[in-house]
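Below is one structure, written out as structure tokens; comments come after it.
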Amino acid sequence: MTANKKLLIITGAGLAVGLAEALLYYNLGTNSDTDKDFKFGIPKGAELGKTLGIVLAMSVATALLSNGVEYLVNKQELQIT
């Protein structure tokens, strides 16, 4: 598998998991001060854009870090054998 495919797979998976986690925390925060039933919502406008931007940036960083660690491990394995 090429590095670009791995980067896309890891970024995509990180984006999906990260967005789900961000929405969970968003809803926990918006429902924390009420005595009403829990209501699920999605942030709107600029808040949604900021959330998506942060999640995307962290997903790309995770993919790059993962790729770098894999490269170093493979390089070290070649030196050992």
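A short reminder: the numbers here are calculations on the coordinates, not readings from a lab. Worth saying up front: this structure is predicted, and the values here are computed from it rather than measured. Heads up, the Cβs are rebuilt from the backbone with ideal geometry, glycines too, and the neighbour counts pull from every protein chain shown.
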Checklist outcome for this item: Given (1) acidic (Asp, Glu); (2) over 23 Å from ALA3 (Cα atoms); (3) surrounded by 10 or more Cβ atoms within 10 Å (Cβ to Cβ), ASP37 misses just (3)
Checklist entry - In the set LEU8, LEU23, LEU19, which member is out of contact with any helix residue (DSSP H, G or I) (no Cβ under 7 Å at 6 or more places or on another chain), surrounded by 15 or more Cβ atoms within 10 Å (Cβ to Cβ) and in a helix (DSSP H, G or I)? => result LEU23
Checklist entry - Hey, any hits in the range 40-47 for a residue that's of a type outside the set (Phe, Trp, Tyr), surrounded by 11 or more Cβ atoms within 10 Å (Cβ to Cβ), in contact with a helix residue (DSSP H, G or I) (Cβ under 6 Å, 6 or more places away or on another chain) and assigned to a helix (DSSP H, G or I)? => result no
